[in-house]
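The values are calculated or read from the model by the stated rules, or taken from the named source; none is laboratory data. All values derive from a computational prediction rather than experimental measurement. Neighbour counts run over all protein chains shown; Cβ positions are idealised from the backbone, glycine included. Please note that ligands, DNA and RNA were not included when accessible areas were found on the heavy atoms of the full protein model with its side chains. Shrake-Rupley method; radii C 1.70, N 1.55, O 1.52, S 1.80 Å.
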Amino acid sequence: MGTKKVAVDYGDRKIDIEVPDSASIIEYQEGALLENAREAVLNALANPLGMPALSALAKPGMKVAIGFDDITRPNLPARTILPILVEELNRAGIKDRDILFICASSNHRKPTRTELANHLGPTLFNRFWRLNAIVNHDCSNQDELTYLGITESGRYVEHNKRYLDADLMIYQGNVSSAQGPSYTGTGVCIGLASTKSIASHHSINAIPDPDAIKVASGEKKKPVNVKDEMSAFMEQATGKQVFYINSINGIGGKMIGVHAGHASAIKAPAWELASSRFVCDAPQADVLIVGLSASFSYGNANNTLIAGAGTFTLPRYNAQGPILREGGVVIAVSPSTGYIDPLLYPSYKKVIEVYGTMHSPRGLIDFEDEFNNNPEYVHQYTHGHGYPPLHPFWLLYENEYTLNRASAVIMAGTSNPAAFRAIGMNTAPNFEAAWKIAKKIVGENPRAVVAPSFWSKPRIKFRVDA
């Protein structure tokens with residue numbers, strides 16, 4: 001069998017790996033972008049879906065809260081959209097001092113002042129920072145949260161008080177590939193939620209299996225869409241609607257499209273556009289290979305759990321059919337050192353230690369309360385820009401699907417193999433050694449799928465022909 005070389009992400013550079021000629025190389029391909037992003041945003045605000053135009057909603061004297069996706073998302077959409085929103089609000093008679101920006105940092109760390117300035121752009125940041133009108137959401141401070149109730153499916157609805165108290169609620173978000181068939185985009189439900197609310201859909205008993213849920217009859221049951229349910233519940237409880245403006249983005253955050261209006265109305269066209277750009281046809285893989293860039297999602301990929309998440313979650317990005325066959329192998333290529341910054345990720349190391357005493361991530365659920373109330377971890381989150389105590393729990397819970405489906409998950413290239421063995425991975429000094437391990441498991445002529453730039457470009461979804 002012939003072979004070919006493929007350049008894959010490897011930290012801050014690329015390296016060539018040698019794979020069979022038959023291997024499928026699947027990565028995002030940039031298509032047409034908006035020629036005039038400003039005009040597209042203005043048009044979306046003037047012609048929203050499912051709601052009146054922003055100019056009709058905004059009235060002089062209103063208190064306006066603008067939530068925005070945090071720094072785990074690209075900054076170009078925020079720098080483009082938010083100044084235009086302010087222009088439109090000012091034109092409607094709303095003064096700067098009546099506008100509040102809330103960074104929707106969900107269960108992520110709070111950005112620093114410098115990071116917020118970089119995300120929003122210096123002009124907008126300086127204009128509103130002096131008014132104390134830019135704040136970070138806090139997912140644990142009960143004084144800054146409002147409890148609204150529990151949905152029919154058991155989701156705990158508790159969100160940012162200042163946002164819910166506003167006369168007009170606006171949210172600037174991004175539509176990108178999420179695990180399973182869905183996309184991101186309804187940011188209020190996650191980004192401005194309390195830890196308890198997030199746990200009601202991120203904890204181990206709430207994470208959906210990417211495969212269809214089967215009931216006793218053997219029929220497929222369509223699961224409740226968490227964001228749709230929570231959005232409707234929030235709207236009924238407050239008597240107010242959220243005005244969304246969401247962009248679908250290409251490389252570097254350059255906009256492919258933008259939609260504004262009610263969450264229920266913009267979802268279909270946004271997902272349709274996202275699917276047309278991000279869904280890629282692929283065969284089911286015996287061996288699924290991913291290159292890990294230097295930084296993605298929650299920070300530096302030297303971090304054991306971030307590199308692990310970049311590996312374990314890959315088989316969950318299925319638009320149709322599982323990309324990894326039962327008993328297949330996943331290989332990540334990365335020089336990760338396994339170093340976890342104790343200031344940015346205060347609870348990570350201890351959670352990994354606790355996980356090491358268990359046979360499954362499910363056992364961690366009994367430790368959620370203990371970690372969530374640890375004063376040291378809470379202080380570092382509240383005042384030191386560290387990740388909240390429960391964040392590593394969510395990452396380890398997400399690993400369960402691939403741990404159960406794959407015969408082996410291999411980190412190839414790490415200089416700290418012990419760190420990755422601690423979270424259930426095999427290790428190899430390089431890709432060649434990892435490939436030899438994989439062939440021993442799945443056979444001498446495996447069907448390989450390579451995602452060389454999955455984390456350095458907009459995330460794709462795999463569509464597998466069943």
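Tabulated values for the structure
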| item | result |
| --- | --- |
| Options Pro322, Pro342, Pro375; residue that is touching a Pro at 6+ places or on another chain (Cβ under 9 Å) and either open to solvent by 60 Å² or more (accessible area, probe 1.4 Å) or more than 23 Å from Asn300 (Cβ to Cβ) (or both) | Pro322 |
| Subset of the stretch 38-55 that is touching a residue at least 24 places away in the same chain (Cβ under 8 Å) and hydrophobic (A, V, I, L, M, F, W, C) - its residue that is most open to solvent (accessible area, probe 1.4 Å) | Leu49 |
| Of the criteria (1) among the hydrophobic types (A, V, I, L, M, F, W, C); (2) assigned to a loop (DSSP other than H, G, I, E, B); (3) open to solvent by 50 Å² or more (accessible area, probe 1.4 Å), which one Met62 fails | (3) |
| Tally, over the stretch 355-366, of residues that are surrounded by fewer than 19 Cβ atoms within 10 Å (Cβ to Cβ) and not in a loop (DSSP other than H, G, I, E, B) | 4 |
| Subset tally (residues that are closer than 24 Å to Val6 by Cβ, in contact with a Ser or Thr (Cβ under 6 Å, 6 or more places away or on another chain) and not polar (S, T, N, Q)) for the stretch 331-342 | 1 |
| Residue ID - nearest to the chain's Cα centre (by Cα), chosen from residues in the stretch 367-416 that are polar (S, T, N, Q) and assigned to a helix (DSSP H, G or I) | Thr402 |
| Matching option when the condition is of a type outside the set (A, V, I, L, M) and open to solvent by 60 Å² or more (accessible area, probe 1.4 Å), among Asn445, Asn416, Asn399 | Asn445 |
| Residue that is within 15 Å of Met411 (Cβ to Cβ) and touching a residue at least 12 places away in the same chain (Cβ under 8 Å), where the choices are Asn426, Asn445 | Asn426 |
| Test: residue in the stretch 89-98 that is hydrophobic (A, V, I, L, M, F, W, C), touching a helix residue (DSSP H, G or I) at 6+ places or on another chain (Cβ under 7 Å), in a loop (DSSP other than H, G, I, E, B) and closer than 21 Å to Met169 by Cβ | yes |
| Members of the stretch 265-318 found to be in a helix (DSSP H, G or I), of a type in the set (S, T, N, Q) and open to solvent by less than 10 Å² (accessible area, probe 1.4 Å), listed by number | Thr304, Thr311 |
| Test for Ala434: is it open to solvent by 30 Å² or more (accessible area, probe 1.4 Å) and modelled with pLDDT of 95 or more | no |
| Search result, residues across the stretch 378-394 that are among the hydroxyl-bearing types (Ser, Thr, Tyr) and either within 21 Å of Ile204 (Cβ to Cβ) or crowded, with 22+ Cβ neighbours inside 10 Å (or both) | Tyr381, Tyr387 |
| Strands (runs of 3 or more DSSP E) contained entirely in the stretch 111-221, each with at least 2 residues that are at pLDDT below 95 and charged (D, E, K, R) | none |
